[in-house]
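Below you'll find the structure, written out as structure tokens, and then a few comments.
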Amino acid sequence: MELEISIGLITLILFGGLILLVMLGIPVVYSLGGLTLGLTFIFGTVDDLFIVASTAVRVFTNDMMTMIPLFLLMGNLLVHSGVSDRLYTALGYWLYGIKGSLAVITIGVCVALAMTSGFGPGILTMGMVAVPSMLKQNYNKSLALGSVMAGGVLGEIIPPSIIMILFAMIGKISVGQLFIGGAVPGFVCAFLYIVYIMIRAHLQPNFAPRAERKSNLSLKLKLKSLAEVIAPSLLVVLVLGTIFMGIATPSEAAALGVVGSIIICAAYGKLTFQIMKDSCFETIKITSMALWIFLPAILFGIFYTMVGVQDAILDLLGYWELNRWLVLVLMQVILFIFGMFMDDYAFVFICAPIFLPVAEALGFDKIWFSILFILNMQVAYLTPPF
């Protein structure tokens, strides 16, 4: 850097300025990007500006970026084909009559949507489908909304998660290994949510009244409902199986998923021009939003690295000689507080480049820390005021 300035002051300017600009109503994209470019221009050199620009171009032309729109398109096609309604109906046929069944079904459908989409559309989709149904059955409003929110954020940890793909790019981690690492914790979280709902419904029956059993539910009808969701289930197994077994790269598996989702849409009689257009437009919107946040966050990471923040943090930790587990707890507390106020994409792009090298230097496995990071992000996402 051309002009010497303390890392502490730069950190104060960056985060203090970011908080101030966001409170003034300026979007995070412009706030973070403007601050980063401004500080690079003031305290850096022409070479620093060139490094910032060239690195951003290199990131956007990375082959891994193709996975994001492909997984999104696969998920959008399946959602528009009505797979969520079919899943909700199928699970309902089998679970009607138990306490808290509608909330349990909501978690189950959210898991399925997370596995077929990569971006967790559960909050929006199930918010329109499940919440009115639960409120109509006199479910407690907090339980109804909570089950949708908790199930919806499972899309961040259950593969093929878009957040995981971006995290893998930032940390230079294998996407397949990150997917494998996130699968078990994601399913465990879903299982614990279901256990909590059933215990709560048993202890407080008025929170989740038992739904009346439908007299016309024959075994044939139940089996038919399951048959209608076999195709999406096989697609999930095919896409994730090829990644886990090393048969295909994540990008190739995502492309295979798009082809499979188109075939499923055709089989359901939903392959229309309107659905294709809506799916493509929704994919473009989400991808563009992610990339707009991605760019200034990448610039932030580059600038922060150039001023030597990572080395300074490691030197500081070495000077204090803190226990690495204590440092891990402190990092999780900081991440939790940031996540309460920050968009999930911005959260990953800003915090991962800072905390991941520190965790690795302390001897923690990158995959393990990445999963812990994303789990913490889920909890923060569910915590007010965000």
TODO: Could you check Pro384 against (1) under 21 Å from the mean Cα position of the chain (by Cα); (2) within 28 Å of Gly25 (Cα to Cα); (3) crowded, with 19+ Cβ neighbours inside 10 Å; (4) not β-branched (Val, Ile, Thr) and say which number it fails?
DONE: (3)
- [ ] Within the stretch 12-37, track down each residue that is among the small types (Gly, Ala, Ser) and under 14 Å from Gly301 (Cα atoms).
- [x] Gly33, Gly34
- [ ] Report yes if Thr55 is crowded, with 19+ Cβ neighbours inside 10 Å and either modelled with pLDDT of 80 or more or hydroxyl-bearing (Ser, Thr, Tyr) (or both), otherwise no.
- [x] no
- [ ] Sort through Leu154, Leu166, Leu178, Leu135 and tell me the only one that's surrounded by fewer than 18 Cβ atoms within 10 Å (Cβ to Cβ) and among the hydrophobic types (A, V, I, L, M, F, W, C).
- [x] Leu135
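Let's see how each residue does on (1) of a type outside the set (S, T, N, Q); (2) farther than 24 Å from Tyr88 by Cα:
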position: Ala248; (1), (2): yes, yes
position: Gly257; (1), (2): yes, no
position: Ser261; (1), (2): no, no
position: Lys270; (1), (2): yes, no
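The rows are residues; the columns are (1) under 30 Å from Leu223 (Cα atoms); (2) outside any helix (DSSP H, G or I).
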site: Val22; (1), (2): no, no
site: Thr36; (1), (2): no, no
site: Ile42; (1), (2): no, no
site: Met67; (1), (2): no, no
site: Val79; (1), (2): yes, no
site: Lys99; (1), (2): yes, yes
- [ ] Please work out which one of (1) out of contact with any Leu (no Cβ under 9 Å at 6 or more places or on another chain); (2) closer than 21 Å to Trp368 by Cα; (3) surrounded by 13 or more Cβ atoms within 10 Å (Cβ to Cβ) is the condition Leu295 fails and give its number.
- [x] (2)
Task: Search result, residues across the stretch 1-20 that are among the small types (Gly, Ala, Ser), at pLDDT 75 or above and either assigned to a loop (DSSP other than H, G, I, E, B) or under 23 Å from Ala53 (Cα atoms) (or both) - done: Gly17
Task: In the stretch 327-381, residue surrounded by the fewest Cβ atoms within 10 Å (Cβ to Cβ) [restricted to those that are modelled with pLDDT under 80 and not in a helix (DSSP H, G or I)] - done: Phe341
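The values are calculated or read from the model by the stated rules, or taken from the named source; none is laboratory data. Treat the numbers as computed from the prediction; the structure is a model and nothing was measured. Ideal geometry is used to build each Cβ from the backbone, glycine not excepted, and the neighbour counts take in all protein chains shown.
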